[in-house]
Amino acid sequence: MPGKDRTKEIEQKFNISLKELLMKMYWEQNKSQRDIAKELNVSTGFVCLKFKRYEINKRSFGYWKIGKKMSEEHKSTLRNLHKGKKMTLEQRKKISESRKGTPSHRKGAGLAERIRKETGKDLKGYLEGLYWEEGMSQKQICEKLNISTPYMARLFKRFKIEKRPRGYWLVGKAEVIDTVTIGTDIHKVTGKFRKKGYVVLIIKTHPFSSNQNGCVFEHRVKMEEHLGRYLTEKEIVHHINEIKDDNRIENLQVMDRGEHTRHHHEGSSLSDDAKKQIADKAKKRLSNKKLHPSYKNIDKELMELFKNGNTVSEIAEKLKVTRKTVYNKINYLNLKEI
């Protein structure tokens, strides 16, 4: 008999829609799809198809085992049965999906409540105390609480517990090869290497080191020692004889970025394509007028002076800008209409 006719016949017999009937038999009467098929005198495939069409939720795989414990003999049999076998990705995915929504039986279940009963602290404060005050590692905390390392990592992420910096245990243990005095600060040099022709020092305590390892160029440190202060980001140390590892103080010169760039490009010429690329990038970078180096943030003051009847010359004199700037601002702010 066609599926539509069979559906109508079942609905007329039970005086209820097929979807409601299936949900009632499956969830309230706790029957399996096979039992439902036998009672309705239809095939199991018909029932499965209707479950899919009506989007009826199914019970999780192995739901009948929840709360039941296996005997030691049963556990031993299962271990021997699966010994040496590996699950496929599809099997792992199926098991993972079947466990969604079921009670958790992992080692960390009820951890927060257990900690609160034993110590009177919340889980976050307890973990922070073990990690920061007692100096325990995450692995040691896992062993103490009998939980897995991935679960501990998730707890740290969930509670936003700050971690110690990488290599913190090496601070103060590295061999000191030299000392550097910049102003009143004394820094220990614990390493030295070359990078692209330049000499690099490892100074963990330098405030402007380029990364976590404390890398600083030696020529910058030499100039800071000579000046007795730290260099700013805009200051560049130039090698006069163009030799990158000649860091004698008489061979070093402090320049700003623009001056340093002009020095190295003096006498060179750019192609038309290169000039166009530079111009396009500059236009894109400075498309917002407020980002331009010569932008004057005087809109409010100018509007007040203009409303009070001051002339362009008077406004320019009071704001210490040119008359052209005032005219441009007036046009930009449409003040002629006021």
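Filtering Ile298, Ile203 for residues that are among the β-branched types (Val, Ile, Thr) and either in contact (Cβ under 8 Å) with a residue 24 or more places away in the chain or closer than 30 Å to Ile330 by Cα (or both) leaves a single hit, Ile298. The one condition from (1) surrounded by 16 or more Cβ atoms within 10 Å (Cβ to Cβ); (2) under 15 Å from Thr181 (Cα atoms) that His239 does not meet is (2).
Residues in segment 1-45 that are over 15 Å from Lys58 (Cα atoms) and of a type in the set (Phe, Trp, Tyr): Phe14 alone. Consider segment 180-193 and keep the residues that are among the β-branched types (Val, Ile, Thr) and buried (at least 19 other Cβ atoms within 10 Å of the Cβ). The one that is farthest from Val221 (Cα to Cα) is Thr190.
Any residue that is in the same structural domain as Asp256 (by TED's automatic domain parsing), part of a helix (DSSP H, G or I) and acidic (Asp, Glu) - is there at least one of those in segment 203-219? Yes, because at least one residue in segment 203-219 is in the same structural domain as Asp256 (by TED's automatic domain parsing), part of a helix (DSSP H, G or I) and acidic (Asp, Glu).
One line per residue, one yes/no per condition, for (1) modelled with pLDDT of 85 or more; (2) closer than 24 Å to Asn146 by Cβ; (3) outside any helix (DSSP H, G or I):
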residue	(1), (2), (3)
Ala37	yes, no, no
Leu49	yes, no, no
Ile56	yes, no, yes
Arg59	no, no, yes
Lys68	no, yes, yes
His105	no, yes, yes
Ala109	no, yes, yes
Glu118	yes, yes, no
Gly125	yes, yes, no
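You will find that of Arg323, Arg285, the residue that is within 30 Å of Phe217 (Cβ to Cβ), without any contact (Cβ under 8 Å) to a residue 60 or more places away in the chain and charged (D, E, K, R) is Arg285 and no other. In summary, Lys281 fulfils each of the numbered conditions (1) basic (Lys, Arg); (2) part of a helix (DSSP H, G or I); (3) surrounded by 11 or more Cβ atoms within 10 Å (Cβ to Cβ) with the single exception of condition (3). Checking each residue in segment 290-330 for being in a helix (DSSP H, G or I) and exposed (fewer than 10 other Cβ atoms within 10 Å of the Cβ) picks out Lys290, Leu291, Lys300. One residue stands out among those in segment 79-103 that are aliphatic (A, V, I, L, M) and in a helix (DSSP H, G or I): the one that is modelled with the lowest pLDDT, which is Ile95. Screening the candidates Lys196, Lys222 for the property of being exposed (fewer than 15 other Cβ atoms within 10 Å of the Cβ), of a type in the set (Lys, Arg) and assigned by TED's automatic domain parsing to the domain that holds Thr181 yields one hit, Lys196. When restricted to residues that are within 30 Å of Lys93 (Cβ to Cβ) and either in contact with a strand residue (DSSP E or B) (Cβ under 8 Å, 6 or more places away or on another chain) or among the β-branched types (Val, Ile, Thr) (or both), segment 10-63 contains 4.
May I ask you to verify whether Gly135 is small (Gly, Ala, Ser) and more than 30 Å from Gly110 (Cα to Cα)? Answer is no for this residue.
The values are calculated or read from the model by the stated rules, or taken from the named source; none is laboratory data. Here the structure is a predicted model, which is why all the values come from computation and not from measurement. Positions of Cβ are backbone-derived with ideal geometry, glycine not excepted, and every protein chain shown enters the neighbour counts.
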